[in-house]
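Everything on this sheet refers to the single structure shown next.
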Amino acid sequence: MGPNGQSSSSDIEIGEQHKFEDQLPAQPQSKHIEMEPNPIAGVQAALGNPMPMALLGFLMSLTPVTNALMGWRGAGGLGAAEVGVFYFFGGLLMIIASFLEFFLGHTFQFAVFGSFGAFWLSFGATLTPFYNAAAAYQPESPETALTNPTFNATFAYFPLYMGLLCFIYFIASLKTNLVLMLTFLLLVPMLGCLSGVFFKAAEGITATNLMTAAGACGFVVCILCWYLLTVQILASVAFPVNFPVGDLTWLANRLARKHS
């Protein structure tokens, strides 16, 4: 208030600011939902939550791939028919979400979404003839280059080390929630089996069981992430029902006390 009992301009500005903040839709900032429990105060409320977009890109890419790996209704070919989805859902949406998480100060989300966005772009580029990934090993007959033993033996290391990266993410996710922890845990055997598929293909063997196992692990990952996406979307519109994701901060606190 001013010296004469009248509202000053600063009082009015503060009041308008609170009014604006009250009108904003509730954003899912709970430590039970977010991968990193310490967002920059006020920034996420103003900019929104990029995580649903990243999950959407991830799911729209991985879910069809798992169906193809399990051979549902004649699907196959490592989901090569979905190469456009890999570029524009898995790659584009996850890379954008990654940088938005970076500006929010969420290092873990930035690393996870960025690495998976790059994974989908790399996978899509490998399946695109323009990039000559497989044909470089068999230039005389590029139409069958994806079956070349040297190409398969070489490409197998990509999902193998992506699985190693997911194991690191799994360790970090022990401080977040159960859904994310199980997601990263199951991605490790999925990518390991996928790597085995390529190593077997290099030997001229079609590893159907490994391919099915990779698809099954990936499909469970998709179920978990579809659930997490639902939680995020409902929280973004302040849906009156809160669905549990399994808070694991107690585990991190217990480990911290044990080693203190």
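Just a few scattered comments:
- Contour excess over end-to-end distance, with Cα ends at residue 242 and residue 226 and 0.36 nm allotted per residue: 4.2 nm
- Electrostatic bookkeeping for residue 152 treats Lys and Arg as +1 and Asp and Glu as -1; over the other residues with beta carbon under 14 Å from its beta carbon, the sum is 0.
- Cut-off under 5 Å, modelled amide H: who pairs with residue 177 long-range: 248
- Pairwise Cα separations in the range 38-236 fall into 10 Å bins from 0 onward with the following percentages, short to long: 9, 34, 35, 16, 5, 1.
- The distance from the alpha carbon centre of the range 51-103 to that of the range 140-178 is 15 Å, rounded to a whole number.
- Ordering 227-239, 54-66, 84-96 by mean Cβ neighbour count within 10 Å, with the highest value first, yields 54-66, 84-96, 227-239.
- Projecting label points 7 angstrom from Cα along Cα→Cβ for residue 144 and residue 168 puts them 4.0 nm apart.
- Overall form of the range 183-260 per C-alpha gyration tensor (a/c, 1.5; a/b vs b/c): oblate
- The stretch between residue 118 and residue 103 holds 3.5 nm of extra length on full extension. This uses 0.36 nm per residue minus the Cα-Cα distance.
Laboratory data are not the source of any read-out in this text; all were calculated from the coordinates shown. Just so you know, these numbers come straight off a predicted model, no measurement behind them. Here Cβ is always computed from backbone atoms with ideal geometry, including for glycine, and neighbour counts include all displayed protein chains.
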